[in-house]
Amino acid sequence: MKNDILKTLHTIFGYSSFKPNQEKIITSILEGRDVFAAMPTGGGKSLCYQLPALIFPGLTIVISPLIALMKDQVDAAVENGIPAVFLNSSLSAEETTEIYSNLYSGKIKILYISPERLAIEGYIEKLHSFNVKFIAVDEAHCLSEWGHDFRPDYLFLAQLRNNFPSIPIAAFTATATKEVQKDIIRILSLEDPFIVRASFDRKELYYQIVNKNDPLSQIHSFINKHKGESGIVYRTSRKEVEKTASYLRRMGVKAIHYHAGLSKDNRAKNQEQFNNDEINVIVATIAFGMGINKNNIRYVIHGDLPKSIEGYYQETGRAGRDGLDSSCLLLFSSGDIMKQHYFINQIENPKEKERSQENLNRIIRFATVNVCRRKQILEYFNEEFNGNCGNCDVCNDDTEKVVASVDGQKLLSAIARTNQSFGINYIIDIVWGANTEKIRLRNHDKLKTFGTGKDKDKKWWRAIINELISQEFIYQDSEHYNVLKITDTGKAILFGKKEFYISKQTAVNDKKTTIKIRSDQKYLGVNEDLFFKLKEVRTKLAKEKNVPPYIIFSDKSLLEMCIKLPKTKNSFLDINGVGQVKLDIYGDIFLECINNYKTYYSSE
Ligand code: ADP
Ligand code: MG
């Protein structure tokens, strides 16, 4: 079986090796076991069900929530020579009839259907007329109310198990929370599933946060450094979306916009232009997101503070699915915090309000403290990571840092002198010199540190405490009323053996600072001309076939062609993403382009 799997991986998908977890998932499915897999965007989930589908002697059904997603997946599969089809409301009666006749005759290996269709009375029974061997549920978080895209129609999928008791069912999602996992396993009645929780680290993403002082021109100058590349700009309100898009157009950037206020047709048209590389920049609210399968998005800009780390992670996660280096820029200002507070105050449900507040606090901390961004994101998903990722602004020294050892010592000394027995607010009160009864009763107004920080406001001291906690110089002891305790490295600061740095965001909030934008994508290297030539060829072919360009070849495959400069069909087959079918259809065209380029350069 292992041989079959590898052979299919090479000849059909054109890949030389598996991504993490793919092989284990595929073998489990082929052994007939249920699977639950949480893997990040770009982790390669489709291959986990498409590959077994090719090996099973019968039909695989894939449940997928959006028409656009289905079409994209089917286009991509068909390009690889896989007999795949979809059934949804976008098809004409004739098209549907033809698909059924191909299904009855066993010509189809993969059938994509929507949950709505499955919910039609008698539909599941109808599927029994086909030789169904395996069912995959993609974007499975849609069936959990904890997920961010809950879809009631997904609940009907609970009927699958009863109807197909003896075939494997596999669920895939990019949502990492345990609640979602539990819901999915329960609702689909997965039996002793093989569970995968992959790392959510997106190594190819560079995270960077700068102070927002002139957002439109900051966004514009970032985009200017990424000419010819696809990117998304997120803004919170429809008004800001429109304003930003028209500013960019005035500055000569071809940008379109997308928000829920546009008609359905308009939205679909704009998304398609972006998908097809006709337009590089899309400015959008977070209404733009699910259903984006485009794998060559090179950057995501957040012009405003996102509501949560989860949201930020999902939105930035749309960049770099092909595994090539991509950038995430967040513009931060304390004004955005006030705006979000305003919205949170309108929330009536107390639980929801509390959750939103907590989410906001965490993203503020994420954006302001001097701690590796990746470490903070992964910790949010309960994944341990020791920092020093080398691929964020903090680790690359792209942030501006300020020494704050004296202020740090004031707080640390207040904590030490009160025997590490008090919480955040009390410690701040001591340093700030608050005249409270509690402090007087305990004689803490006689401490040497009392009032040493009265020249600064409480917000400042709170921010410094955040930094001390995030940098692990102190921690809140959750078993003892969250009192603050000093760690060993914290002691080094207290005794002046180590400097304490805070980020400039903490130090100045939104006063003007210079922005360092990373000097740029390193992925191109020498053969940039050829890369753009190959992209042109790809766009032309994509137009003729009416599919998005990245479905013909990913940017990564094109890049590899530029580096390896294959001469023969055999060496072309070695390029990642080139399988037998693509070699037959496109080999000559791309080889010609590469050979022309070589001749041109060698004749110079
Ligand atoms: P997900 O659904 O998990 O977000 P996809 O299935 O869309 O991810 O895959 C992301 C990208 O990775 C696609 O461009 C896909 O072709 C590519 N990919 C998948 N498996 C492999 C592999 N084994 N080697 C190289 N690239 C792969
Ligand atoms: Mg997917």
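The values are calculated or read from the model by the stated rules, or taken from the named source; none is laboratory data. All values derive from a computational prediction rather than experimental measurement. Neighbour counts run over all protein chains shown; Cβ positions are idealised from the backbone, glycine included. Please note that ligands, DNA and RNA were not included when accessible areas were found on the heavy atoms of the full protein model with its side chains. Shrake-Rupley method; radii C 1.70, N 1.55, O 1.52, S 1.80 Å.
General observations
- Of residues in the stretch 42-64 being in contact with a Lys or Arg (Cβ under 6 Å, 6 or more places away or on another chain) and closer than 20 Å to Glu139 by Cβ, the one farthest from ligand 1 (Cβ to nearest atom): Ala53
- Any hit, the stretch 296-309, residues being away from ligand 1 (no atom under 14 Å from the Cβ), aromatic (Phe, Trp, Tyr), more than 30 Å from Ser557 (Cα to Cα) and buried (at least 19 other Cβ atoms within 10 Å of the Cβ): no
- Which listed residue is in contact with a strand residue (DSSP E or B) (Cβ under 8 Å, 6 or more places away or on another chain) and at pLDDT below 90, from Glu467, Glu472: Glu467
- Residue in the stretch 316-326 that is nearest to Asn361 (Cα to Cα), counting only those that are away from ligand 2 (no atom under 16 Å from the Cβ) and open to solvent by 10 Å² or more (accessible area, probe 1.4 Å): Asp325
- Top-ranked residue in the stretch 18-53 [being surrounded by fewer than 23 Cβ atoms within 10 Å (Cβ to Cβ) and touching an Asp or Glu at 6+ places or on another chain (Cβ under 9 Å); ranked as farthest from Ser189 (Cα to Cα)]: Gly42
- Test for Val74: is it within 16 Å of ligand 2 (Cβ to nearest atom), under 25 Å from the mean Cα position of the chain (by Cα) and either farther than 26 Å from Pro548 by Cβ or not assigned by TED's automatic domain parsing to the domain that holds Phe134 (or both): no
- If you filter the stretch 262-291 down to residues that are among the hydrophobic types (A, V, I, L, M, F, W, C) and surrounded by fewer than 21 Cβ atoms within 10 Å (Cβ to Cβ), you find that the one that is farthest from Phe200 (Cα to Cα) is Leu262.
- Tally, over the stretch 57-71, of residues that are crowded, with 19+ Cβ neighbours inside 10 Å and more than 14 Å from ligand 2 (Cβ to nearest atom): 3
- Whenever a residue of the stretch 288-300 is away from ligand 2 (no atom under 14 Å from the Cβ), its partners that are of a type in the set (Asp, Glu), lying with C-beta atoms within less than 7 angstrom and at least six residues away or across chains, give the pairs Asn296/Asp322; Asn296/Asp555; Arg298/Glu229; Tyr299/Glu229; Val300/Glu315.
- Residue within the stretch 174-183 that is outside the structural domain of Ala367 (by TED's automatic domain parsing), within 16 Å of ligand 1 (Cβ to nearest atom) and touching a strand residue (DSSP E or B) at 6+ places or on another chain (Cβ under 6 Å) present: yes
- The stretch 540-577, subset of a type in the set (Asp, Glu) and buried (at least 17 other Cβ atoms within 10 Å of the Cβ), residue nearest to the chain's Cα centre (by Cα): Asp555
- Each residue in the stretch 360-377 was checked for being open to solvent by less than 10 Å² (accessible area, probe 1.4 Å) and more than 17 Å from Cys328 (Cβ to Cβ), and 2 pass.
- Hey, Ile108 β-branched (Val, Ile, Thr), assigned by TED's automatic domain parsing to the domain that holds Phe36, within 16 Å of Phe56 (Cβ to Cβ) and surrounded by 17 or more Cβ atoms within 10 Å (Cβ to Cβ) or not: yes
- Residues of the stretch 114-148 that turn out to be more than 22 Å from Ala176 (Cα to Cα) and either loosely packed, with under 15 Cβ neighbours inside 10 Å or more than 16 Å from ligand 2 (Cβ to nearest atom) (or both), as a count: 19
- Enumeration of residues in the stretch 12-34 that are of a type outside the set (D, E, K, R) and within 14 Å of ligand 1 (Cβ to nearest atom): Ile12, Phe13, Gly14, Tyr15, Ser16, Ser17, Phe18, Pro20, Asn21, Gln22, Ile25, Ile26
- Restricting attention to the stretch 1-28, the residues that are in contact (Cβ under 8 Å) with a residue 40 or more places away in the chain, within 16 Å of ligand 2 (Cβ to nearest atom) and part of a helix (DSSP H, G or I) total 2.
- Candidate set: the stretch 149-173, residues that are out of contact with any strand residue (DSSP E or B) (no Cβ under 9 Å at 6 or more places or on another chain) and part of a loop (DSSP other than H, G, I, E, B); chosen: the one surrounded by the fewest Cβ atoms within 10 Å (Cβ to Cβ): Ser166
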